[in-house]
Structure formats: structure tokens, C-alpha cells
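Engineer: This is the structure I have questions about; it appears just below.
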Amino acid sequence: MPENPATSDDAVLEVRDLAKSYPVRQGLVLKRTTGHVQAVDGVSLALRRGRTLGLVGESGSGKSTLARVLVGIEKPTRGQVLVDGEDVSTMSRGARRELRRNVQMVFQDPYTSLNPRMSVGEIVAEPYRIHPDAVPRTGRRKAVAELLALVGLDPDHVHRYPHQFSGGQRQRIGIARALAVKPRVLVCDEPVSALDVSVQGQVINLLEDLQDELGLSYLFIAHDLAVVQHIADEVAVMYLGRVVEEGDRPAVYKCAHHPYTRALLSAVPVPDPAARSAGTELLLEGDPPSPADPPSGCRFHTRCWLARRLAAEQGLAGDGPDDVPERCRTEDPVLVPLGRGDGARGAAVPHAAACHFAHRAAAFDGRPAAVVPEDAGPDVGPDIEPDIEPDAGLDAGLDADFDPEATLDPATGRAVLRPTRPDHVTETVPDPAVLESRER
Amino acid sequence: MRGMTGMEIDISGAFDPAGPDDDAQGQVPTERTAGATLLEVDDLAVEFRSDDGAVRAVDGLSYRVEAGRTLALVGESGCGKSVSSLAVMGLLPPTARVVRGSARYRGTDLLALSPAKHRAHAGTHVAMVFQDALAALNPVHTVGYQLTEALRARSGLSRREARRRAIELLDLVKVPNAAGRVDEYPHQFSGGMRQRVMIASALALDPDVLIADEPTTALDVTVQAQVLRLLAEIQAERQMGLVLITHDLGVVAGVADDVTVMYAGRAVEHAPVRDLYAAPAHPYTRALLRSVPRLDAGADGDRLPVVPGRPPVPGRVPSGCPFHPRCDMARDVCRTDVPPLADAAPERSSACFFAAELLGGARA
Ligand SMILES: Nc1ncnc2c1ncn2[C@@H]1O[C@H](COP(=O)(O)OP(=O)(O)OP(=O)(O)O)[C@@H](O)[C@H]1O
Ligand SMILES: Nc1ncnc2c1ncn2[C@@H]1O[C@H](COP(=O)(O)OP(=O)(O)OP(=O)(O)O)[C@@H](O)[C@H]1O
Ligand code: SF4
Ligand code: SF4
Ligand SMILES: [Mg+2]
Ligand SMILES: [Mg+2]
């Protein structure tokens, strides 16, 4: 629990049921709108003071779109953006400009987001043109030099141009620019994706220092879950414009309940050749579907490994993209809290997932299972036992290469699969986080 | 796995891989015996002309590629991974030139050939997937057309034959519904699918060696996992030699057999992958490995370990050991003398004066 909920729990930035769609136009001369891309479709999130919210998801899931709406570059199609509890759309122009100053963005692509005709000094000082009162005119030269040093660049390079810097250095220029007007919130869109690991750590540590010193809040967008784990206090996972799972960082990382989150986690390469997986990752087939034409029912059903396995269990073929439980094809799951025992107690953000069968994901993928509480989430299907044993239902129809006997590698803490031995008694392997809470 | 057998196609038989315009030295054995040396780069150095004089981008790089094995070329941005590969392929920009070293493909030093012969020879037997692959596809041509450009140029395939081959290649890299998608344009493909197209196009001439320059850096983890598995499968099936250029030590751990670590244009460590991760023989490797954020590490509040300082800029490489300003083991000798890449243990080499100490310390 945060010690001081009054100051750290209130949201500096919040979105409610936010949606953003773009028209799809066809035809070269007479452009006609033939449909809409639902880039963000009903997202609610809260960014708390001095905290970091990690936003992960595949390319095209709507992370950057959400970021642009948050900083006011784009207007939402639906929903509200609240700053300090105030609805931005009802603010006066002056108040909105002040907001723009407080919420700054670090862009995804350091190659296109820096004007090639401006020197580094001009780029970093650019925000002062829009927000002249942030730093007095006479102090700006010094401020720029300080900012450059702060992000690990040589202050003597103020007169250089972006092309004279490496991609990683350009990313830092972008961070320096965002910090120029002393914002309270930084929306960082993949700020370290283009950096080498060696430099990545420097920038992340820098962001963490700045947060401690200045009480900054970060929305930290990344596709690298290992990086997000390092910096985030809370995590939200997006798929096709929706948040499919959210919660405190340990809950999401240690007891992920959405099959998509579990697939993402299993796909992260482990820097250890001894733990080289023998094809045990939950490989997702295919690419994410187009947000212009999202699948019916659960948007993840065309790629969901859990749905296939459930279908197989129910005697369906479990092979094609549509061989999934009927519910997955027809009913859109909502984001619901997972109930007690899933890290929800004492958590700042209730752990929630948008999957009809969230409580079965752990049991099915051979990775360590979270213990499911008796009063499991409200959305457990009628034909499913809520307090199912992790190794239940593994008899008929499952993939032949799927081995339920997962165990934890003491060195890495990851699940490793052992070859099945007939005389071996299957043990339930509890999640380390759950063990910890039991010991208390 | 579903549908696998239907995809095992052979693209090597239908045309002469040496090609009509191949040079006289092209009496190349086509069989690949696992472990046979295919490509050997030795003491390669490349310079760029610039306003401040010549700038060394690669300065003494050596590595060996064997059939059926994957060599990872690892190092920070700007250390010369791409430039050295372009030199091997004969594709350096006009401002760059090879100043030293050799690149022997099955005994033939590619760098000693005329530029045209170099490109023809390398283009046939050594293929490269370029770092900016996603931008490399031409938006105005169909995917099928681009896939078979090299094939048509070299073996005079008919349009129909070329289209059939393009479908086979797309199938090979597991693009679903290949026959339907061969006539589509690049913008109709996702990033992951475009990367597959680039890999397919590199495989069109059934190369002995594939150099893949950051083939998954622009991809999502889930798609990255698909593409890496695909590369590993194709490589094993064809006993290709694979050079995987990456800065991601997680990826390296998952797919490489051997690793060459580069720093400031040169190789500083070479080792089988397990040995390298178990006990690095160079302080730079050790620092790199420590700085990888790990999913399996407890993340609560601890700072990410970093390599202090910045990599040197070409043209301003420090004296002595180029790593010395960032090295936590540096001593006086490191500031004055350049440590050569020398044997540090069986199958391993390191360019650090104190490699033995490092390895001994790890064992103790
Ligand atoms: N201006 C636009 N016009 C039309 N479609 C758009 C626009 N901006 C984004 N989209 C679409 O909206 C969807 C979400 O895009 P967005 O850039 O937000 O994804 P992302 O999660 O940031 O992905 P990435 O990881 O690739 O940056 C994509 O399908 C994209 O093609
Ligand atoms: N066309 C060029 N003109 C001048 N210098 C160049 C040119 N291309 C590359 N260089 C320099 O050569 C060095 C090596 O570049 P290279 O592209 O090989 O790095 P890399 O290891 O592939 O890095 P990255 O991981 O960023 O791709 C760099 O310092 C770069 O600045
Ligand atoms: S609702 Fe069905 S398709 Fe969607 S994530 Fe859950 S199991 Fe998969
Ligand atoms: S030679 Fe010296 S400076 Fe270079 S890596 Fe070894 S100890 Fe460090
Ligand atoms: Mg984005
Ligand atoms: Mg490169």
C-alpha cells in the first residue's frame, strides 16, 4: 500500500471510455469514407501522481493513438480526458495550454520527430516558444545545456544537427525537449526501443531519478515487457484498441490471467542459453487482425491459444481460427476484476482481465499457475469449475506436445517443462507470489 | 505441426545456382556438410572518407561462418556490424573502402575480386537481409515481382515460372495463403509479413550463407518469436550458415551457436554461446550481459545495471584498449597498448589483457 494515498493515489491524468477512430478512405480522386479504424475503442485508465503506468501491446494495438489523445495532439471520438480530475474539454483555452505544458510527450520515432533543419539547441528550446513562461529567456541557454547533460549528451553539441547523432542520441534529444518546460506528466512512447541495452539502462535509470526528484508521472509505452517490468508500478495490456488486462505490476507479471498477456510474457527472449526453450513458448499464430474490421465476440479469438485448447477439450477440432468456444466468437468479454487472491487485495489497481475463461489460462499453458480463489471472478463459464486444479482437463484432445508438468527453474524462476514420466506424480506448482502471500 | 510437410519445398533444383553470369571461379560445391567453413572474414578494416579525413568504421574484424551453424554478431549501435556485412557483400557506399583484410567464401577471397564479380559472387552464395528491410520493399511493385527479381535476372525464368517460384518462397516463410497474396503490394502486408518477404527474397537463390541484419528488431515479441523460429527451421533444413546481427542478447541466447562480440569496429570476444553467457572473457561482454533487463529478475526498485559512458565515435577511438574509459578492470597498460584478440580458452578468444583473470575469477 502506498503510505500516503492522499498524495500518491489521486489521478493526475485519467481517461474514461476513450475512443478514437479514423476514417478509412478509398478512391484516388473522390475519396469516400468506406469504414473506420477503431484505433482505441473504450479505454479507461488512470495515471497516478509520481507513479508509472506501463502500457504494452503489439504494434497497431492503439498505444500511440492513446498517447496522442492524452497529450491533446488529437481529439477523442468519444470519452473523457481528465487532468487533476477536471474534464479537459470543458477547460478554458488558457487552462488547456497550461495542461499542454504539464503533459509532455516523448515520441516513438527519433528519426522523424526531430526537425532535421534545426540544431539540437533549437530543438530542445522549441517548447519555450509555446510556453515562454516555463523558463525566463535569459536562463534558456543554460537550461538547454543542463538538459543535454541530464540526458547524457555533450552540452557542447548544441550546434549540431540531428543527422550527426545516432538513433539513441536522438532519442535522448527528444527526452530533453520533453523535459524543457518542466512537465508533471511524461507520456513516453517507446522512449528506449531504439537504444542499445547498455544505453537503455542509463535512460531508464535517468527517468527514474527524475521521477524521484520531480515527482513526475509517466505513461510508459513499450513493447519490451522486461523493460516495462523495471519501470512500471502498474501495467495495462492492450490488444486491438482495448485494454485486455490491467493491475499492479507484480500481479500482471506473476499471475497474468489473459491468454494474450501470457503469450506476450512467454515470447520475451530469456538471455540465458541454458534456458533455451524447446518450443514451449505460447506462439501466437498470424498477425493481429485489422482494427478496421475487428473479429466478432472476443477480438483475440482468431489467435487465442486458450480458446483452441478449450475447444479441443469440448471435442471441437481446436485447429482453425474459428474453432473456439462459441462464447469467444459471439460475446465480447468485458474487463472485470478477478476477485480475491489474484493480487487484488491491497493493490492500488484491481487486477482485471477481459476473457471469459481468464481463470483457466494459467492451468492450460504449462507455466506456473496462480491459485484460483473460491469466489472466482464473476465471468466463469457455466460449464467450467471455477476452482479448477491446474492440471485438470488435460486428458483428451490437447496438443500432443503440451506437457502439464511444469516446474520452476530455481535459477531463472521461469517455468520449465519436464518430459512426462508415467510414474511421476504431478504436483501443482504454485506461483511464487502466491507462496509469499501464504507465508505471511 | 499442421501443414508443415506441404511447405517443405526445394528451390535449389530448378535452376543452376551458379547462374549464367557467374565468374569462372564459381565451381562451387553445392553440398553443405555441417560444420564446413563457408565464409571466413579475417582482419577486415573499412574506412569512410569524410571532411575530417578517413574514419575507421571497422578495424580488424574476424569471424568464421560454418554450415548449419548460427553466428551472432553482437555489439552496440555504430560498432560496425552493418558496415562490415556490406563490405562482405560488396555493397559499401562509394564513400567507403576496404583498407585491409579478406573475406573468403569457400576459399575465394571476395574482396580480391573486381567489384562486379564480387557482387555477383556474393549475391549468389551469400545473401543478406538488410537492417532497413521494411523500407527496402518497393511500394510500386507486387511482392511476387520483387521476390523473383534476382531469379529472373540470373536464370531467365519465364513470368509464369517466376510467379510459381514466388508462391513457393512465400510458402517457405509461412505467409498464409501465399498464392492469394503474391500479387499484393507491400503496404498490404504487416511488418512481420514484410520481414518474411525479405527473408524469402534473400533465400531465392538458395544461398550458402545468410546474413540477417537485425531481422526482428522492428517486430513485436510475438512476431519476433515466429520469425526467429522460422529462420532456425530454414537454416537447419538447408544447413545454411547464418550470421545473425543483433544487439538483443536475449535473442542471441535463444538461437546462436557462436557469438562474436564487437566493440569500436573490432571483435573483442568470440565464444560458443553457452560459454559466453556462463563466463564472459571480456569486461565489455560482462557489462553488456549485466545490463540486459530480465523478465525473470526481481524488478522491485533496483536500478538497471548499465555500461557506464558511451561507445566511442569512429575517428575518436581511445588509445590502447578502446574499451578502457568504460572498463572497471582497466590498468595502466590498457591506456597505452592495444590488446590483440588472442586465445583465452579452448574455442574462445578475447581481446583483453586480463581475460585469463576474468575466466579464472568466474571459475573460482
Ligand atoms: N492517422 C491515422 N489514420 C488512420 N489510421 C490510423 C492513424 N493512426 C493510427 N491508425 C491506425 O490505428 C491503429 C493503432 O495505431 P497506433 O499507432 O496507435 O498503434 P501502436 O500500438 O502505437 O503500434 P506501434 O507499436 O506500431 O507503435 C493502427 O491500425 C493504425 O494503422
Ligand atoms: N555512409 C556513412 N558515412 C559515414 N559514416 C558511416 C556511414 N555509414 C556508417 N557510418 C559509420 O560507421 C560506423 C559503423 O556503422 P554501422 O552501420 O556498421 O553500425 P552498426 O553496428 O550496424 O550499428 P546499428 O546497431 O546502429 O545498426 C558508425 O559509426 C557509423 O556512423
Ligand atoms: S474470451 Fe475466449 S478468445 Fe477471448 S481471450 Fe478468453 S478464451 Fe481467448
Ligand atoms: S584490456 Fe584493459 S581496458 Fe581493455 S577490456 Fe581488458 S581490462 Fe578492460
Ligand atoms: Mg506506437
Ligand atoms: Mg546496423
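The values are calculated or read from the model by the stated rules, or taken from the named source; none is laboratory data. On a predicted model such as this, the values are computed, not experimentally measured, just so you know. Cβ atoms come from the backbone with ideal geometry, glycine included; neighbour counts cover every protein chain shown.
Engineer: As an exercise: evaluate A:Ala274 against (1) surrounded by 24 or more Cβ atoms within 10 Å (Cβ to Cβ); (2) more than 16 Å from ligand 5 (Cβ to nearest atom); (3) within 13 Å of chain B (Cβ to nearest Cβ) and give the number of the one condition it does not meet.
Structural biologist: (1)
Engineer: Can you spot a residue in segment A:243-264 that is crowded, with 24+ Cβ neighbours inside 10 Å, within 12 Å of chain B (Cβ to nearest Cβ), in a strand (DSSP E or B) and of a type in the set (A, V, I, L, M, F, W, C)?
Structural biologist: No: segment A:243-264 contains no residue that is crowded, with 24+ Cβ neighbours inside 10 Å, within 12 Å of chain B (Cβ to nearest Cβ), in a strand (DSSP E or B) and of a type in the set (A, V, I, L, M, F, W, C).
Engineer: May I pose another question? Go through segment B:251-277 and report how many residues are farther than 24 Å from B:Pro322 by Cα, more than 9 Å from chain A (Cβ to nearest Cβ) and surrounded by 24 or more Cβ atoms within 10 Å (Cβ to Cβ).
Structural biologist: 0
Engineer: For the structure I just gave you, tell me whether B:Ser201 is away from chain A (no Cβ under 14 Å) and of a type in the set (S, T, N, Q).
Structural biologist: Against the criterion (away from chain A (no Cβ under 14 Å) and of a type in the set (S, T, N, Q)), B:Ser201 qualifies.
Engineer: Consider A:Arg308 carefully, then state whether it is modelled with pLDDT under 90 and among the basic types (Lys, Arg). Give the derivation first.
Structural biologist: On the way: modelled with pLDDT under 90: yes; among the basic types (Lys, Arg): yes.
Yes; evaluated as a whole, the condition is true for this residue.
Engineer: Tell me which residues, restricted to segment A:46-92, are within 14 Å of A:Ala11 (Cα to Cα) and basic (Lys, Arg).
Structural biologist: A:Arg48, A:Arg49, A:Arg51, listed by residue number.
Engineer: Could you tell me which of the residues A:Ser198, A:Ser266 is among the hydroxyl-bearing types (Ser, Thr, Tyr) and touching a residue at least 24 places away in the same chain (Cβ under 8 Å)?
Structural biologist: Working: A:Ser198 fails: touching a residue at least 24 places away in the same chain (Cβ under 8 Å).
Result: A:Ser266 is the single residue among A:Ser198, A:Ser266 that is among the hydroxyl-bearing types (Ser, Thr, Tyr) and touching a residue at least 24 places away in the same chain (Cβ under 8 Å).
Engineer: While we're looking at this one, here's another question. Which of the strands (runs of 3 or more DSSP E) found entirely inside segment A:52-141 contain at least 1 residues meeting this: within 16 Å of ligand 6 (Cβ to nearest atom) and surrounded by fewer than 23 Cβ atoms within 10 Å (Cβ to Cβ)?
Structural biologist: Counting at least 1 such residues, we get no strands (runs of 3 or more DSSP E) at all.
Engineer: Does segment A:123-143 contain at least one residue that is touching a Leu at 6+ places or on another chain (Cβ under 8 Å) and in contact (Cβ under 8 Å) with a residue 24 or more places away in the chain?
Structural biologist: Yes, there is a match, as at least one residue in segment A:123-143 is touching a Leu at 6+ places or on another chain (Cβ under 8 Å) and in contact (Cβ under 8 Å) with a residue 24 or more places away in the chain.
Engineer: Shifting gears a bit: Against the conditions (1) away from ligand 6 (no atom under 16 Å from the Cβ); (2) modelled with pLDDT under 90, where does B:Ala256 fall short? Just the number, please.
Structural biologist: (2)
Engineer: Among the listed residues B:Ala136, B:Ala122, identify the single one that is in contact (Cβ under 8 Å) with a residue 12 or more places away in the chain and either more than 16 Å from ligand 2 (Cβ to nearest atom) or touching a strand residue (DSSP E or B) at 6+ places or on another chain (Cβ under 7 Å) (or both).
Structural biologist: None of the other options fit; the residue is B:Ala122.
Engineer: Inside segment A:196-223, can you point out the residues that are buried (at least 22 other Cβ atoms within 10 Å of the Cβ) and away from chain B (no Cβ under 11 Å)?
Structural biologist: Result: A:Leu216, A:Ser217, A:Tyr218, A:Leu219, A:Phe220, A:Ile221.
Engineer: Select from segment B:40-82 the residues that are in a loop (DSSP other than H, G, I, E, B), over 18 Å from B:Phe323 (Cβ atoms) and of a type outside the set (Asp, Glu) and write down the one among them that is nearest to ligand 2 (Cβ to nearest atom).
Structural biologist: B:Arg69
Table: residues versus (1) more than 14 Å from every other protein chain (Cβ to nearest Cβ); (2) of a type in the set (Ser, Thr, Tyr).
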| site | (1), (2) |
| --- | --- |
| A:Met91 | yes, no |
| A:Gly94 | yes, no |
| A:Pro127 | yes, no |
| A:Arg140 | yes, no |
| A:His163 | no, no |
| A:Ser166 | no, yes |
| A:Ala180 | yes, no |
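Engineer: Go through segment A:210-250 and count every residue that is in contact with a His (Cβ under 7 Å, 6 or more places away or on another chain) and assigned by TED's automatic domain parsing to the domain that holds A:Gln171.
Structural biologist: 0
Engineer: Within segment A:179-194, track down each residue that is more than 16 Å from ligand 1 (Cβ to nearest atom) and either among the small types (Gly, Ala, Ser) or on the phi < 0 side of the Ramachandran plot (or both).
Structural biologist: Matches in segment A:179-194: A:Leu179, A:Ala180, A:Val181, A:Pro183, A:Arg184, A:Val185, A:Leu186.
Engineer: Does segment A:339-349 contain at least one residue that is modelled with pLDDT of 85 or more and closer than 22 Å to A:Lys254 by Cα?
Structural biologist: Within segment A:339-349, not a single residue is modelled with pLDDT of 85 or more and closer than 22 Å to A:Lys254 by Cα.
Engineer: Against the definition (within 12 Å of chain B (Cβ to nearest Cβ) and in contact with a helix residue (DSSP H, G or I) (Cβ under 6 Å, 6 or more places away or on another chain)), how does A:Val192 come out, yes or no? Step through it out loud before you land on a result.
Structural biologist: Numbers: within 12 Å of chain B (Cβ to nearest Cβ): yes; in contact with a helix residue (DSSP H, G or I) (Cβ under 6 Å, 6 or more places away or on another chain): yes.
Yes; evaluated as a whole, the condition is true for this residue.
Engineer: Restricting to segment B:278-294, and then to whatever is within 8 Å of chain A (Cβ to nearest Cβ) and in contact with a Ser or Thr (Cβ under 9 Å, 6 or more places away or on another chain), can you tell me which residue is farthest from B:Leu341 (Cα to Cα)?
Structural biologist: B:Arg294
Engineer: Among the candidates B:Leu244, B:Leu231, B:Leu210, B:Leu219, which residue alone is within 11 Å of chain A (Cβ to nearest Cβ) and surrounded by 21 or more Cβ atoms within 10 Å (Cβ to Cβ)?
Structural biologist: B:Leu219
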